[in-house]
Structures are given as C-alpha cells and as structure tokens.
Amino acid sequence: MNTVRSNRLARPDVLWCGCIAAVSILMFVAATPWGIGIRPDSAFYLSFPYFLQGNSPGYVWAIDIVSAFGLDSIAAATILNVAFLILTALTVYGLVRGFGATRLIAVLSAVLVLTSPLVFELHVTVLSEAMFIFLLVAALTLLSVYAGTGSVRFLLFAGLVSVLVFLTRFNGAPVWVVGVLTAFFLGPGNTKTRVLHALAFVAVVAAPLLLWSVIEARTGGTGLGREFGFLGNATIGILMQGANSIWVSFFPSVVPGFVKAAAALALIGLLAAVVWYGAERHVFAMDVSQPNARLVAFPLISAVYIFGHFALLLLSILIEPNLPLKPSYFAPVYVLIVVIGAQYSVMLREDGKTRAQALLGTGLLVFGALVLASNVVRTGTLISNFRSEGIFFSGPQWFQSPLVSEINNLEPDVFVYTNAPDVVHLLTGKGTTWLPMKFDRRTGKEHPRRPYNKTLTEMREGLAQGKAVVAYFDEVTWRFYLPTQQELTEELNLKQVVQTTDGTLLRSNMN
C-alpha cells in the first residue's frame, strides 16, 4: 500500500513540544488572575460536603490524589487542568506528526486545540472535561496502535484507559463499543483470534467496573446517579441547540439556525465520506510494514467514536429531562476532528490519485486556517473577559457580593440554607446545604435522597432553633428545581433580615 511518509519525532519536535507547553501555561495563567474557574458542577469535583448529585468519580479521585501532597482541592484541580491542557495539545501534535505531517501542520493542529474557546474554557474551569478529553484521545490512540501492530497489549491497555474515560464522564461509554469493533474488524489473525481479542477487551473493561459497582453499593454511593427510563423531553429546539453547539465549536454564532443545522449535517456527511475513503484504501488493506502504520487507523476509529458519541447524546435527551445539548458536550468531537482533518489533509494531498482528492486535502487545510483565525479572535476576547470578570464563581461579582459579606458577618456557628451552597461554602466556609428540592432535575421526579416534604420539615426545625438563616441569591436563576423565595417565605413563615443588591437574608418568624 502506498501511504504518506513518516516523520519520527526528533530534537526539533521536542523543542516544538516545549514551545506548545509554554504557550499552554501562559494562556492558562493569563486567563486566571482570579483563580481557576468554579462553576455549579465544580462543587461535586471539589468534594463540597453538601453536594449529592451523582457524577463520574474519576476527576474527583485525581484531585484527591494530588491533594494528598498537601494542596487544597482547588490548587490540585488547577495543577491537573494545566497538565491536561498541555498533554492534550502535545498528544495532538504527536498524532498529526506521527501520521507523516510536517511540523508546521502538527504545530497548527495543537494550536487549533489550545485556541479553541470551547476547549480552553473547559480547561480553565474545575470541570472533568479536561481529564476526559485527554483520556479519550489516549484510549483511541492505543486502539489505533493495536490495529496497526496487532499487539494485544495495546488493546488491553486501551481497555483499562477506557474504564478511566467512563469513570471520568459517563458519556464516554461509546469507547467500549469502538474497542470491541476495533478488535473484531481491525485485529490480527483469523476470526477466532479477533473474537478472543474482543472478549479479552470486554473482560479488562468489565472487571474494574464490577469492582467499582460493588464498592458503590456497599458504601452507599450514588453510582451513575441516573434513573433509566424515557423521561426526557426532546424537542426540535434541543436538536437545534445541538446544531448550534457544533457550529460554535468552529465559528461564532452569528448565522441563522438553518445554516448551523445544514453545516452540522454537512460535517457529519463529509466526515463519513472522508473516513470511508481512508478505511477502504488505508485500513482494511493496511501494510503493517509502513512506518506510520500505527496511526493509520486513528481517523476511522475516532470517526466511529464520534458517531457513537452523537448517538448517545440523542439517546440521553430521550432519557434525561431538561438536558441541554450544550457546547461542552462537543469539545471531544472538536479535538478529534482537528486530528482527523490534519491527518487526512496529508493523506489526500500526498496519496491522492486525482486532482479532486488533492484539492480536498488542501481544502481541509484552508478550513483549518479559517477556524484558527476565528479561534484566536474569540479566545483572545475570552481571556480578556476572564481577566476582568473572572470565571463564574471565581470573580469579583461573587468575591465582592454584598450578601456574601452579610453571611461572613454572622456568628461562626450559624448554618445557612441557600440556593447557592457552592458560593456560601467557597467564600464563607460556613456550614451550608441546599434548600429543599421540589424534584430531581435529572429525572423530574422527587429526589430519592432528599424528599421535598421531609427536607422542608428538617429545615423548619433547624430554623426554629435560632442558629440558622436562609440566604437567597438573586443571580442564581438556573436552579429551577428549588422553591422560589416567595414559596419558602410562605411555607416556612420567614421574615426578611437583610436585603442587599444581590439577594436576601431571612430567618424564621418564630425567633
């Protein structure tokens, strides 16, 4: 088979990798003068004591491991996210360079990832996506190396990494399907050998997951934190939101919705066509003696994962109510498309037999240049905003909050019921918990661990003792599953103690 040339990593590559790492650190530092971003979901990963929502524990474990060296959880998350930003960019460089691309194309591919406003924001915020993206790319790389070498150890290692992918974010489950398909269709030997390899992959995945499930059951953990059933409320609006999320991964959201929908479909169609070309010409007829054979299957394997990722998102909006198809769900897809585009631009330009193929390869490079220009402008603006406004709870709006100041002035042993326990815990250190939840936002049903009437009674009793208050932040408008201030005031007979420009402090009228 006639494939593209191979460029082994040499000293200039090491120097370029050093530059990429330095740029990653500089960008991170420039964007976080107020500290790493802390969003509502960050509370789980930082192990805030009141947080009950079931999420994947992998990122929590990573933070706990780093914290064991004497750091607080926020500092540990900062170190981890800087590391994952660097590792992901360097992995992209290695994948593109190892496929036979020039250093320029490899560097630009890494920069496309670093300057993506979507990817960058996820890395400067305490969210699990940073760890998830790196582990996912690592798992798919190992599967590609297995397909190129036939060595089962890479398949088994990929299985172990895929477990970490899932335990970092549950929507990484499609990587298991990709692993089985890779072993069965791209593995070495006859059908029997490939089936045995697929079964070995399943066993390596199943064993640690079974152990985790048993531990969760015995320790009272939340497990998946989901209820399986078709409880979702999928609408055309949600699907259009998904199309918009795909579009803003590459360009600003300044075009009509139908253009975004058409672009999303075109992207999926182009991805399918290009990958089919690669599968037909370079994977199923792969010559393992070629120096870049280890990575030839990466575009195909990644594309299969992308389709599985889309399928799981569509299934999720049928299962989970009020689930938005937000841009962060498409960040891993963006990173994989950058790698696929760079790899296929090389393949099409250098191995294409027709002028159309060469033009398509050049077109991919031009598209990448346009996206890069868009990224630089958008991420530059993002960093400027972060420097002046901070990132969500890590910013002057919350650090200088009048209501937070009032809470800090309360006696040390006062307990706070609030619609923003993350803010209270982070900025005051006082004991705090949620207001009673009318329903679980992930199921639309009563929360199994916090039934509304039970927690309302407990709150009433706590307030009656005189050592508790209610803090209601006006800016926290997204927690639609909590009662309003008026509902609580009427239900619990509350009186206003202090009203600030950003919220209200209340006590029981019985005191």
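The values are calculated or read from the model by the stated rules, or taken from the named source; none is laboratory data. Just so it is clear, the structure is predicted and the values come from calculations on it, not from any experiment. Cβ atoms come from the backbone with ideal geometry, glycine included; neighbour counts cover every protein chain shown. What goes into the accessible areas is simple: the full protein's heavy atoms, side chains included, and nothing from ligands, DNA or RNA. Shrake-Rupley method; radii C 1.70, N 1.55, O 1.52, S 1.80 Å.
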Item to check | Cross-chain or 6+ apart pairs with Cβ under 6 Å, region 1-30 first and more than 20 Å from residue 342 (Cα to Cα) and at pLDDT 65 or above, then of a type in the set (Ser, Thr, Tyr) and part of a loop (DSSP other than H, G, I, E, B) | outcome: none
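Condition test on residue 375, is it open to solvent by less than 50 Å² (accessible area, probe 1.4 Å), under 28 Å from residue 121 (Cα atoms) and assigned to a helix (DSSP H, G or I)?
Numbers: open to solvent by less than 50 Å² (accessible area, probe 1.4 Å): yes; under 28 Å from residue 121 (Cα atoms): yes; assigned to a helix (DSSP H, G or I): yes.
It is true that residue 375 is open to solvent by less than 50 Å² (accessible area, probe 1.4 Å), under 28 Å from residue 121 (Cα atoms) and assigned to a helix (DSSP H, G or I).
Okay, residues lined up against (1) in a loop (DSSP other than H, G, I, E, B); (2) surrounded by fewer than 19 Cβ atoms within 10 Å (Cβ to Cβ):
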site: 388; (1), (2): no, yes
site: 425; (1), (2): no, no
site: 440; (1), (2): yes, no
site: 446; (1), (2): yes, yes
Item to check | Matching residues, region 173-185, being part of a helix (DSSP H, G or I), touching a residue at least 60 places away in the same chain (Cβ under 8 Å) and open to solvent by less than 30 Å² (accessible area, probe 1.4 Å) | outcome: 174, 175, 178, 182
Next on the checklist: Considering only residues that are touching a residue at least 40 places away in the same chain (Cβ under 8 Å), within 20 Å of residue 194 (Cα to Cα) and either open to solvent by 10 Å² or more (accessible area, probe 1.4 Å) or not small (Gly, Ala, Ser) (or both), which ones fall in region 131-146?
Outcome noted: 140, 141, 143, 145, 146
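Of a type in the set (Asp, Glu), open to solvent by 60 Å² or more (accessible area, probe 1.4 Å), in contact (Cβ under 8 Å) with a residue 24 or more places away in the chain and in a loop (DSSP other than H, G, I, E, B): is that true of residue 413 in this structure? Talk me through it step by step, then tell me what you get.
Working: of a type in the set (Asp, Glu): yes; open to solvent by 60 Å² or more (accessible area, probe 1.4 Å): yes; in contact (Cβ under 8 Å) with a residue 24 or more places away in the chain: yes; in a loop (DSSP other than H, G, I, E, B): yes.
Yes, satisfied.
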Next on the checklist: Among the residues that make up region 342-358, is at least one of them part of a loop (DSSP other than H, G, I, E, B), crowded, with 20+ Cβ neighbours inside 10 Å and of a type outside the set (Phe, Trp, Tyr)?
Outcome noted: no
Item to check | Any chance residue 436 is in a loop (DSSP other than H, G, I, E, B) and either farther than 21 Å from residue 40 by Cβ or modelled with pLDDT of 90 or more (or both) | outcome: yes
Checklist entry - Across region 270-287, which residue is modelled with the lowest pLDDT among those that are open to solvent by less than 40 Å² (accessible area, probe 1.4 Å) and under 29 Å from residue 236 (Cβ atoms)? => result 274
Checklist entry - In region 148-157, which residues are in a helix (DSSP H, G or I) and open to solvent by 10 Å² or more (accessible area, probe 1.4 Å)? => result 149, 152, 153, 154, 156, 157
Item to check | Members of region 365-402 that are among the aromatic types (Phe, Trp, Tyr) and modelled with pLDDT of 95 or more | outcome: 386
Checklist entry - Considering only residues of region 44-68 that are modelled with pLDDT under 80 and over 16 Å from residue 164 (Cα atoms), which is surrounded by the fewest Cβ atoms within 10 Å (Cβ to Cβ)? => result 49
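Kindly indicate whether residue 328 is of a type in the set (Gly, Ala, Ser) and open to solvent by 30 Å² or more (accessible area, probe 1.4 Å). Don't jump to the end; show me each part of the working.
Values: of a type in the set (Gly, Ala, Ser): yes; open to solvent by 30 Å² or more (accessible area, probe 1.4 Å): no.
No: the conditions fail for residue 328.
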Checklist outcome for this item: Listed by first then second residue, the pairs whose first member lies in region 461-486 and is within 15 Å of residue 436 (Cβ to Cβ) and part of a loop (DSSP other than H, G, I, E, B), whose partner is at pLDDT 90 or above and of a type outside the set (Asp, Glu), with beta carbons under 8 Å and at least 6 positions apart or on separate chains, are 479/419; 482/419; 482/435; 482/436; 483/435; 483/436
